[in-house]
Protein chains: 2
Amino acid sequence: MASQEIDALTSALARLPGFGPRSARRAVLHLVKKREGALAPLRAALVAVEERLATCGICGNVDTTDPCGICTDPRRDDRALCVVEDVSDLWALDRSRLFPGRFHVLGGRLSALEGIRPEDLAIDSLLARVAGGGVDEVVLAMNATLEGQTTAHYLAERLEKFPVRLTQLAHGLPVGGELDYLDEGTLAQALRARRPVA
Amino acid sequence: MASQEIDALTSALARLPGFGPRSARRAVLHLVKKREGALAPLRAALVAVEERLATCGICGNVDTTDPCGICTDPRRDDRALCVVEDVSDLWALDRSRLFPGRFHVLGGRLSALEGIRPEDLAIDSLLARVAGGGVDEVVLAMNATLEGQTTAHYLAERLEKFPVRLTQLAHGLPVGGELDYLDEGTLAQALRARRPVA
């Protein structure tokens, strides 16, 4: 019944993560009912992002400038470099506002299963950045998955020859985590890394 | 950290029903990573809908043409008119493909609480359509809420003088509904409207 244009919008929205056909329909209805208040701003925001979207040539972040806002921010500390698997990880860490340094996005993780090899990731550019000097610490902020940790080990080997401190994120209980509900792997990590009470 | 443009897109998406700040961020990330495959089609679909969006002058449906696709469809039966509260109800009924007639959108329901009176709804245009003749049956497809049913009763009174059959949607068990989990109101309706076993 709905016109071709409305159907096309519904299916474009339905392909977003977190959306399905039903919620996309609800969103489209909201958009067509609030044309000025919702449809126009969303269209303008999409157009603006699409026009200016760029992948940072230095770190691999996605931003509307190249180099990105993080690489060009003069308040950031060049001496600390945080290596992440994906842009989403960079955004998540950056939201915490706790890491004052720069980032480097690998663009994935090593995976024998998916056939992802070191040359498929932005490892050469990482080594070049570290070899360029001025970096004291490289944080290997891979996901706490088997493949993430394999990638971290591989990077640690490749970075060994440089005079930098290699660190990784702490493993343990998440905030609010109840022992009873946590998996054994997390409990084992938390126990192994236990610290004296301050 | 994210640029102004990306932030604007995130908040425009976060205001859609079914989306919050977190899922909007995930969707934006998906969009910026799949520029050709996701961002461009969504932008194009939004622009197309925005350019051609129109409210049907006959029934109140939202479509990309005025009169809308339903009002202009020659295969539909002019003799049956289904009155709904909102465009979303029209779309939901139309998706079922079981109603072959035309629709009329009131644009809301009578509500003493929200101060919505008969003159705030598209009731005059409904009466004019029925007075125009050619309509045999008016289905009062209001929501099964107190306000929806109040609206249906009000419309029934206003339509009484016309030689049309007034009907309403059946109330009862939803498909897959388990007695144990249904509210008493629904059970009472289902029992009251019980039918002989075929």
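All of the numbers you see were taken from the coordinates with simple rules; none came from a lab. The structure displayed is predicted, hence computed values, not measured ones. Glycine also receives a Cβ, built like all others from the backbone with ideal geometry; neighbour counts cover every protein chain displayed.
For a test of the definition: using alpha carbon positions, the gyration tensor, and the 1.5 limit on a/c, classify the range A:4-52 as rounded, prolate or oblate. List each step's numbers first, then the result.
Details: a/c = 1.90, a/b = 1.28, b/c = 1.48.
Judged from the Cα gyration tensor, the range A:4-52 comes out oblate (a/c at least 1.5, b/c at or above a/b).
Between copies, the label points at A:Gly37 (set 7 angstrom from Cα along Cα-to-Cβ) are spaced 3.6 nm, reported in nanometres from shortest to longest. Sparsely packed loop sites in the range B:114-175 (the GluC sites (Glu not before Pro) outside DSSP H, G, I, E and B with at most 16 other Cβ atoms within 10 Å) comprise B:Glu114, B:Glu160. Across the identical copies, the 7 Å label point of A:Thr145, projected outward along Cα→Cβ, sits 4.2 nm from its counterparts, in ascending order.
Here the mean projected area of the convex hull built on the C-alpha positions of the range A:76-168 is 5.6 nm². Where the only charges are on Cβ atoms (+1 Lys, Arg; -1 Asp, Glu), what is the dipole of the protein assembly as shown about its Cα centre, to the nearest 20 debye? Using Cβ point charges on Lys, Arg, Asp and Glu, the protein assembly as shown gives about 20 debye. With axes computed from alpha carbons, what is the tilt in degrees of helix B:40-52 against the longest principal axis of chain B, rounded to the nearest 10 within 0 to 90? Once rounded, one gets 50 degrees. For chain A, the longest principal axis of the alpha carbon atoms and the long axis of helix A:4-14 meet at an angle near 20°.
What is the sum of charges, Lys and Arg at +1 and Asp and Glu at -1, for the other residues whose Cβ falls under 13 Å from the Cβ of A:Ala92?
Details: positive: A:Arg95, A:Arg97, B:Arg22, B:Arg25, B:Arg26; negative: A:Glu85, A:Asp86, A:Asp89, A:Asp94.
Every neighbour counted, the sum reads +1.
Note on chain B: with charges restricted to the Cβ of Lys and Arg (+1) and Asp and Glu (-1), its dipole about the Cα centre is near 640 debye. Taken along its three principal axes, the alpha carbon spread of the range B:95-136 comes to 35, 28, 12 Å, from the longest extent down to the shortest. Once the cut-off is 30 Å, how many percent of the Cα-Cα pairs in chain B end up in the long-distance tail? For chain B, the fraction of Cα-Cα distances above 30 Å is 41 percent.
Determine the calculated [θ] at 222 nm for chain B from helices alone, applying -39500 (n - 2.57) to every DSSP H run no shorter than 4 residues and normalising by the residue count; nearest 500 deg cm²/dmol. Numbers along the way, then the final one.
Numbers: 8 runs with 82 residues, N = 198.
Using -39500 (n - 2.57) per qualifying helix, the result is -12500 deg cm²/dmol.
Checking every one of the trypsin sites (Lys or Arg not before Pro) in the range B:135-198 against DSSP loop status and a limit of 14 other Cβ atoms within 10 Å picks out B:Lys161, B:Arg194.
Antiparallel DSSP bridges in the range A:1-138: what percent, to the nearest 5? Show your work: numbers first, answer last.
On the way: 3 of 10 bridges.
Approximately 30 percent, going by the DSSP bridge assignments.
Full extension of the chain segment joining A:Asn143 with A:Ser11 gains 44.4 nm, where the gain is 0.36 nm per residue of separation less the Cα-Cα distance. Ascending distances from the B:Arg165 label point to its copies in the other chains, with the point 7 Å along the Cα-to-beta-carbon line: 8.4 nm. Charge dipole of the range A:76-168 (Cα centre as origin; +1 on each Lys and Arg Cβ, -1 on each Asp and Glu Cβ, all else neutral): 300 debye, rounded to the nearest 20. Helix A:146-159 and the longest principal axis of the Cα set of chain A meet at an angle near 50°.
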